[in-house]
Amino acid sequence: MTEQTPAEQFEARIKRVQDAIALRVPDRVPVFGPYQKYPYTFAGIDMRTAMNDYAAARAACHAFQDHFQPDLDFGPVLAYPAAAMETLGYRAFRWPGHGLPDDAMYQYVEGEYMKAEEYDDFITDPSDFMLRTWAPRQFAGMDGFGKITPWRRFMWSGWMGLGPFASPEMRRTLELVVKAGEQMDEWFGSLGQYAAETEARGNPIAYAGWDWPPFDILGDTLRGTANILADMRRRPSKLHDALKVATRIFVEYGEGAAGSRLPLVWVWVHKATRDFMSDAQFKEFYWPYFREGLLALVEKGITPVVYWEADFESRLEHIVDVPKGKMIYHLSSTDPEKAYDVLGGTVCLMGNVPNIQLLGGTPDDVRATSKRLIDTLGRNGGYIMDSAFMLDEAKPENLKAMIDFTKEYGVYR
Amino acid sequence: MRDEFIAAVADMEEEEAIRLVRAMLDAGADPQDILDATKEALLLVGTRYEAKEYFLPELIIAGDLMKEVAALVKPKLVERAAGRATRGKVVIGTVEGDIHDIGKDIVIFMLDVNNFEVIDLGVDVPAAVFVDKVRETQPAVVGLSGFLTLAFDQMRATVDALAAAGLRNSVKIMIGGAIMDQSVADYVGADAYGSDAQAAVRLATGWTA
């Protein structure tokens with residue numbers, strides 16, 4: 001085969017992924033997946049550096065992409081900007097230098113950021129609740145927003161209530177959000193630069209947007225896991241009303257990807273799996289709203305990549321009820337054969353080489369797993385090779401074995 | 001009233017359960033007996049959890065109920081000199097670098113209900129702290145919790161540190177967390193992996209029988 005130009009490679013990779021999504025047989029099994037910390041470890045920098053030195057983060061991701069050559073590139077998008085997080089006094093995260101060691105992945109700190117008695121505030125005016133109540137709880141630097149008059153009362157004499165903008169708290173908040181805005185511009189500028197650089201080398205960017213299921217929007221960032229799970233029994237009707245609002249937010253989050261060259265929206269699924277809830281609870285509270293949101297995105301030409309973050313074998317019979325050839329389901333630790341029996345021919349499947357094998361196994365182990373996955377899930381197209389969970393730790397030779405083996409053995413002849 | 005109370009807790013009727021606790025206390029019931037009844041009810045919850053009739057929401061509500069009942073009853077409880085007999089000690093914590101606690105706390109709740117004395121080291125626990133606590137409290141079982149893949153190597157380092165301190169053979173080690181499985185237990189050198197809170201109880205019970 002003659003060597004492809006970067007532009008040809010770019011197009012071939014997009015087509016390969018689009019064929020897999022549409023359940024057509026591509027030229028070979030595509031291979032790519034999201035990473036968090038891995039490229040930085042690979043390039044010899046710690047997570048703290050990656051979150052603070054954007055040029056170093058870009059160089060690390062380029063080095064990763066050049067060495068491993070997965071079909072799509074994530075780039076440094078998950079190395080969050082420490083500068084803006086520090087400026088805002090982000091309370092809902094710990095990150096290297098802020099409560100975690102220099103080389104740890106940043107982690108979310110759950111809390112009851114919306115109290116049980118505040119459901120109605122969120123349901124009737126979500127933006128007001130987020131601005132005046134939620135933001136000051138999440139960000140020390142957003143205290144001032146708690147002082148202002150609700151914007152919904154701004155008609156007629158409402159503007160006369162601008163006084164709190166002159167308070168010391170609000171002045172400080174405004175200064176900090178302007179500064180954080182500049183810092184975010186710098187970070188997004190770095191991501192844009194990275195995308196242009198890697199696309200010029202023939203690597204399409206793997207994401208056009210991010211999203212979270214309605215139940216997780218409420219559970220992760222507002223009520224907290226324990227509270228939202230108990231709310232299914234304690235206040236089911238409030239939860240239903242809030243889920244309707246969250247479904248709207250879900251669609252808003254994802255729809256910005258419409259019109260992208262490869263409109264993949266990664267949807268991080270947290271509380272749908274295994275023991276988090278019963279099948280009846282999943283059917284009542286989780287799936288209907290999530291499904292409605294997914295279908296709305298599909299309707300706009302977007303491809304949701306549903307990243308189920310644990311074993312979802314118990315949900316297979318529900319989640320198969322989606323349009324054919326329009327989405328990717330990432331398997332995490334779900335049994336691949338059982339998943340294929342139900343979902344094969346409906347959604348493109350992705351995964352699931354165990355991360356523990358990528359860390360503790362040998363290249364031969366990884367090749368054997370990859371072969372089994374291609375033989376099972378990839379036998380008719382509609383499959384993408386990836387690790388079971390996002391990459392933080394792996395032996396380079398094992399990861400290389402997964403990717404190179406897929407490129408050899410995964411060719412459809 | 002006692003049976004109704006047990007049924008209310010087991011059926012997740014929170015308000016009814018609390019109403020019955022107050023009524024029993026008003027009627028002069030023995031506070032210790034109310035606590036014993038609560039434990040019976042929570043064991044029923046555990047059985048339903050194991051039967052996949054109940055899931056995390058019900059364990060969370062049961063945990064909240066236990067705290068509420070204890071808050072009502074404990075002030076009236078005459079201190080008893082003799083501590084209750086336990087099945088054994090379990091030292092448990094989320095390994096260093098990982099700050100997740102929901103799964104760990106549910107395991108602790110179920111172990112506690114099943115009469116284990118649990119020493120909770122919290123989250124982000126360095127290997128050296130596990131070593132010190134194991135040396136100090138001499139538990140039968142050590143539980144390592146982790147939610148992130150970074151826990152693979154940190155659990156292994158913790159097991160190695162226990163071995164280096166000469167403590168490995170005096171304890172059984174179990175691991176748990178959403179992304180864990182038997183191959184991770186093998187990698188880190190643990191004795192077993194438990195897929196949920198009830199599995200942790202089963203493992204600990206087996207090792208302390």
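If a residue counts only when it is touching a strand residue (DSSP E or B) at 6+ places or on another chain (Cβ under 7 Å), which helices (runs of 4 or more DSSP H) contained entirely in the stretch A:197-298 have at least 2 such residues? Lay out the reasoning, then the answer.
Details: elements: A:214-218, A:225-234, A:236-255.
Once the helices (runs of 4 or more DSSP H) in the stretch A:197-298 are filtered for at least 2 residues that are touching a strand residue (DSSP E or B) at 6+ places or on another chain (Cβ under 7 Å), what remains is A:236-255.
Among the listed residues B:ASP124, B:ASP120, which satisfies the condition of being of a type in the set (D, E, K, R) and within 11 Å of another protein chain (Cβ to nearest Cβ)? Break it down stepwise before answering.
Working: B:ASP120 fails: within 11 Å of another protein chain (Cβ to nearest Cβ).
Going through B:ASP124, B:ASP120 in turn, just one is of a type in the set (D, E, K, R) and within 11 Å of another protein chain (Cβ to nearest Cβ): B:ASP124.
All of (1) within 14 Å of another protein chain (Cβ to nearest Cβ); (2) modelled with pLDDT of 95 or more; (3) buried (at least 22 other Cβ atoms within 10 Å of the Cβ); (4) more than 14 Å from the chain's Cα centre (by Cα) hold for A:ALA246 with one exception: (1).
For the stretch A:370-390, the set of residues classified as crowded, with 18+ Cβ neighbours inside 10 Å and in a helix (DSSP H, G or I) consists of A:SER370, A:LEU373, A:ILE374, A:LEU377, listed by residue number. The listed residues are B:LYS52, B:LYS74, B:LYS67, and the only one of them that is within 14 Å of chain A (Cβ to nearest Cβ), under 23 Å from B:VAL21 (Cα atoms) and either part of a loop (DSSP other than H, G, I, E, B) or at pLDDT below 90 (or both) turns out to be B:LYS67. Take the conditions within 14 Å of chain A (Cβ to nearest Cβ) and either touching a Lys or Arg at 6+ places or on another chain (Cβ under 6 Å) or crowded, with 18+ Cβ neighbours inside 10 Å (or both) and apply them to B:ALA161. Does it pass? It is false that B:ALA161 is within 14 Å of chain A (Cβ to nearest Cβ) and either touching a Lys or Arg at 6+ places or on another chain (Cβ under 6 Å) or crowded, with 18+ Cβ neighbours inside 10 Å (or both).
Considering only residues that are part of a loop (DSSP other than H, G, I, E, B), in contact (Cβ under 8 Å) with a residue 24 or more places away in the chain and away from chain B (no Cβ under 14 Å), look in the stretch A:391-413 and name the one that is surrounded by the fewest Cβ atoms within 10 Å (Cβ to Cβ). Let's see the steps before the verdict.
Step one: filter the stretch A:391-413 for residues part of a loop (DSSP other than H, G, I, E, B), giving A:392-395, A:410, A:412-413.
Applying the additional criterion that residues be in contact (Cβ under 8 Å) with a residue 24 or more places away in the chain yields A:392-395, A:410, A:412.
Narrowing the set further to residues that are away from chain B (no Cβ under 14 Å) leaves A:410, A:412.
Details: A:GLY410: 22, A:TYR412: 13.
Applying the filter and picking the extreme gives A:TYR412.
Residues in the stretch A:319-363 that are of a type in the set (Gly, Ala, Ser) and either assigned to a loop (DSSP other than H, G, I, E, B) or closer than 24 Å to B:TYR187 by Cβ (or both): A:GLY325, A:SER332, A:SER333, A:GLY344, A:GLY345, A:GLY351, A:GLY360, A:GLY361.
Going by what's in this entry, would B:THR86 be described as within 24 Å of B:ILE119 (Cβ to Cβ) and under 16 Å from the mean Cα position of the chain (by Cα)?
On the way: within 24 Å of B:ILE119 (Cβ to Cβ): yes; under 16 Å from the mean Cα position of the chain (by Cα): yes.
For B:THR86, the condition - within 24 Å of B:ILE119 (Cβ to Cβ) and under 16 Å from the mean Cα position of the chain (by Cα) - is met.
Here A:THR49 fulfils each of the conditions (1) assigned to a loop (DSSP other than H, G, I, E, B); (2) touching a helix residue (DSSP H, G or I) at 6+ places or on another chain (Cβ under 9 Å) apart from (1). Once the stretch A:202-243 is narrowed to residues that are farther than 30 Å from A:GLN18 by Cα and of a type in the set (Asp, Glu), the residue that is farthest from the other protein chains (Cβ to nearest Cβ) is A:ASP241. In this entry, B:SER195 is excluded by the filter for residues that are facing another protein chain (nearest Cβ under 9 Å) and in a helix (DSSP H, G or I).
The values are calculated or read from the model by the stated rules, or taken from the named source; none is laboratory data. Predicted model only: the values in this text are computed from it and were never measured. Here the Cβ is made from the backbone with ideal geometry for all residues, glycine too, and neighbour counts use every protein chain on show.
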